[in-house]
1. At least 1 residues that are farther than 21 Å from residue 349 by Cβ, within 14 Å of the ligand (Cβ to nearest atom) and of a type in the set (S, T, N, Q) in each: list the helices (runs of 4 or more DSSP H) lying fully within region 219-338 that qualify.
2. How many residues does region 295-341 contain that are free of Cβ contacts under 8 Å to residues at least 60 places away in the same chain and either in contact with a strand residue (DSSP E or B) (Cβ under 6 Å, 6 or more places away or on another chain) or not charged (D, E, K, R) (or both)?
3. With a cut-off of at least 2 residues that are surrounded by fewer than 24 Cβ atoms within 10 Å (Cβ to Cβ), within 15 Å of the chain's Cα centre (by Cα) and within 16 Å of the ligand (Cβ to nearest atom), name the strands (runs of 3 or more DSSP E) lying wholly within region 15-134.
4. Taking only region 169-182 into account, find how many residues are under 29 Å from residue 24 (Cβ atoms) and out of contact with any Lys or Arg (no Cβ under 9 Å at 6 or more places or on another chain).
5. Residue 187 fails exactly one of the following numbered conditions: (1) part of a helix (DSSP H, G or I); (2) under 20 Å from residue 216 (Cα atoms); (3) within 16 Å of the ligand (Cβ to nearest atom). What is the number of that condition?
6. Looking at region 203-216, is at least one residue farther than 30 Å from residue 10 by Cα and in a loop (DSSP other than H, G, I, E, B)?
7. Hey, among the residues in region 259-283 that are more than 24 Å from residue 93 (Cα to Cα) and of a type in the set (A, V, I, L, M), which one's surrounded by the fewest Cβ atoms within 10 Å (Cβ to Cβ)?
8. Mind checking which residues of region 163-181 are more than 10 Å from the ligand (Cβ to nearest atom) and outside any loop (DSSP other than H, G, I, E, B)?
Amino acid sequence: MTIKGLQIGDKISRIPIIQGGMGVGVSLSGLAGAVAKAGGIGVISGVQIGFREEDFLKNTLEANKRALVKEIRKAREIAKDGILGVNLLAAMTNYKELLVTAVKEKIDLIITGAGLPLELPAFVKGTQTKIAPIVSSGKAAKLISKVYDKKFGVTADLFIVEGPKAGGHLGFKENILEEGSAPSLDELLLEVKEAVKPFEEKYNREIPIVVAGGIFSGKDLAHYLKLGAQGVQMGTRFVATDECDANLVFKQSYVESKKEDMILIKSPVGMPGRAISNSFTDKIMKGRIPIKRCYNCLIPCDPRTTPYCISDALMDSADGEEGLIFAGENAHLIKGIVPVKDLIAELMDEAEMNLVDKI
Ligand SMILES: Cc1cc2nc3c(=O)[nH]c(=O)nc-3n(C[C@H](O)[C@H](O)[C@H](O)COP(=O)(O)O)c2cc1C
């Protein structure tokens, strides 16, 4: 094996691949456990994780906390010595409560996207839990690093740099994405490396950087390792696996999608998102879908004006009903649904071949 593992502080993942957290209900214990068991880092999405609990509608916060504990424990059962993370969005109203719950469960890693997680170090102080903010610019990495340094005297344990080809919410303005003028993932990686350098020097430690967005093959993995990333985070490819926790209808829509089906949509999160065009996206393009009930899930969402309810849209699709199916730009390249173990083996073999080629 020529490929180095991904080291995050004292934790080493043999396979330098993080399976991206995917909400709602796409990456739970089934997928995260399988990835961690295969030697990668498995990530449970905490977003509305309690949606299948009986009291979810009446008692949303408690249902979410309870389900998070259950999913972490189930994933640990699957991957006893594996590395597990929880993905939370800083824009969620229950962000802090779920964060505290995951840390209490001794989760290995907290990954936070959709907003700047400036208070994150306070929640893991004195624990073994590592922190990984998701950024889409060197500027964000620098700002987070400055605040962590000044306020907490620490650095992030890892940065995940998400580029414009990713699935789910994107950290770029819609017009920039449509024009195709967003920086490439290659450029972003170098920008973030530069931004964290002064903090690596000050703290005399390496801050690993993992790239995400559009990574499809072992060749892509090799490319980013050569460019200086310590690993990759992948979402889309892990959807088309047996162990992915979404309904088969959701997975099948990836297999059947074509290049022209990959579209950008507006989201109540206040960021654009990439999804597969379907009857639900046709509806939201035509006009507002009034809210049936509000879960009060997102800080930036106003239920009186929001174009649709993102919670309902994502919970429905995860259950195989009409809803929003997030997907990365390369989802249309997927040919079938495979076991996680086989996908990781294929990616690693291909990456090794591509790394050896260049030596
Ligand atoms: C169905 C789906 C749901 C996602 N949900 C989340 C989420 O809840 N939180 C988050 O930080 N990222 C989310 N993402 C982004 C992934 O974690 C990952 O960074 C991204 O998919 C990488 O790009 P790729 O899909 O091209 O591999 C989602 C992506 C997909 C495809």
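Each reported figure results from applying straightforward, stated rules to the coordinates on display, with no laboratory input. Remember, it's a predicted structure, so these values are computed and weren't measured experimentally. So basically every Cβ, Gly included, is an ideal-geometry build from the backbone, and we count neighbours across all protein chains shown.
1. Ranges flagged: 248-256, 279-286, 310-318.
2. Qualifying residue count for the region: 11.
3. Output list is empty.
4. Matching residues across region 169-182 total 6.
5. (3)
6. For region 203-216, residues farther than 30 Å from residue 10 by Cα and in a loop (DSSP other than H, G, I, E, B): absent.
7. 263
8. Once the filter is applied, which keeps residues that are more than 10 Å from the ligand (Cβ to nearest atom) and outside any loop (DSSP other than H, G, I, E, B), region 163-181 yields 174, 175, 176, 177, 178, 179.
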